[in-house]
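Trainee: Take this structure first; my questions come after.
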Amino acid sequence: MRFGPVPVDQAAGRILAHSLRLPGGVLKKGRMLDADDVARLREAGHGQVITAALDPDDVPEDAAAEALARALAGGGVRVAAPFTGRCNLFAQCPGLLQVDVARIAAVNRAHEALTVATLAAPVVVEAKQMLATVKVIPFAAPRAALEAALEAADGAAVSVCAFRTLEAGLVQTRLEGTRETVLDKTARV
């Protein structure tokens, strides 16, 4: 990735590195600049802007985050659509979250451009609860870094073991002198 100032007239097709307030709105960082954006920047008096340009071996942040999230997602986990270099994993059902901590640590050691954070497991989770997030720190990840992270993931590392409905019975021993209210209270518990 090439990062630095460029003349506004050469900014189309590059990623805006810092948000800019312009008359009529804000151009947010991470935006792929187009011809209309260049015209707005020129009209606002900007001669140059700081941008990032991807190299052929760079994987855009959303694509990299989604690929890694899908590799880490196991049973009972839904991968959300990526946004701004982040891809979240959610529980599909109530259950017990399981995380392969060693795999997550290996992914986090693969390259500084990629990071994964999870809830501490084991923990009971509800349907639609966020379990983990994958974040690409810069605007893209080097393809080699993504491949190293995918290799470190080595399969699903975040899963939810769904709760199952089970039947249970209650056996109470009635002793002479035991009050009915005590038995009723125990049954409710």
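The values are calculated or read from the model by the stated rules, or taken from the named source; none is laboratory data. This structure is a prediction, so every number in the text was calculated from the model and none was measured. Glycine also receives a Cβ, built like all others from the backbone with ideal geometry; neighbour counts cover every protein chain displayed. Ligands, DNA and RNA are excluded from the accessible area calculation, which covers all protein heavy atoms including side chains. Shrake-Rupley method; radii C 1.70, N 1.55, O 1.52, S 1.80 Å.
Trainee: On the protein heavy atoms, probe 1.4 angstrom, tell me the percent of accessible surface of the chain carried by carbon and sulfur.
Mentor: On the way: 6110 of 11250 Å².
Summing carbon and sulfur atoms, their accessible area is 54 percent of the total for the chain.
Trainee: Determine which residues of the stretch 59-89 fall in the zone a paramagnetic label at Phe163 would reach in this model, i.e. backbone nitrogen under 18 Å from the point 7 Å along Cα→Cβ.
Mentor: 76-77
Trainee: Using a probe radius of 1.4 Å on heavy atoms only, what accessible surface per residue do you get for the chain? Whole Å² is fine. Can you show the working numbers first?
Mentor: Details: 11250 Å² over 189 residues.
On a per-residue basis, the chain sits at 60 Å².
Trainee: May I pose another question? Per residue Cα convex hull volume for the chain, in cubic angstrom? Intermediate results must be reported in sequence, preceding the final value.
Mentor: Numbers: hull volume 30.0 nm³, N = 189.
Per-residue hull volume (Cα only) is 159 Å³.
Trainee: While we're here: Counting DSSP beta bridges in the chain, what percent are antiparallel, to the nearest 5?
Mentor: If I count the DSSP bridges inside the chain, around 95 percent turn out antiparallel.
Trainee: Moving on. I need to check one value: relative contact order of the chain, counting alpha carbon pairs closer than 8 Å and at least 6 residues apart, in percent.
Mentor: 22
Trainee: With each run of n ≥ 4 DSSP H residues scored as -39500 (n - 2.57), what mean residue ellipticity at 222 nm is computed for the chain after dividing by its residue count and rounding to the nearest 500 deg cm²/dmol? Display every interim value, and only then the final one.
Mentor: On the way: 5 runs with 51 residues, N = 189.
It lands at -8000 deg cm²/dmol.
Trainee: Tell me, what are the semi-axes, in whole angstrom and largest first, of the equivalent ellipsoid of the stretch 47-94 as set by the roots of 5 times the Cα gyration tensor eigenvalues?
Mentor: Value: 30, 12, 4 Å, ordered largest first.
Trainee: Restricting to lysines 8 or more places apart or on different chains, can you count the pairs in the chain with Cα atoms under 30 Å from each other?
Mentor: Count of close lysine pairs: 4.
Trainee: Another question, then. With an 8 Å Cα cut-off and a minimum separation of 6 or more residues, compute the relative contact order for the stretch 64-113 in percent.
Mentor: For the stretch 64-113, the relative contact order is 27 percent.
Trainee: In addition: Quick one: if you stick a label point 7 Å off each Cα along the C-beta vector at Gln48 and Phe83, how many nm between them?
Mentor: A separation of 3.4 nm, rounded to one decimal place.
Trainee: Per-residue HN-Hα couplings for the stretch 36-45, Karplus 6.51 cos²θ - 1.76 cosθ + 1.60 at θ = phi - 60°, whole Hz, x for Gly and Pro?
Mentor: 5, 5, 4, 4, 5, 5, 4, 5, 7, x
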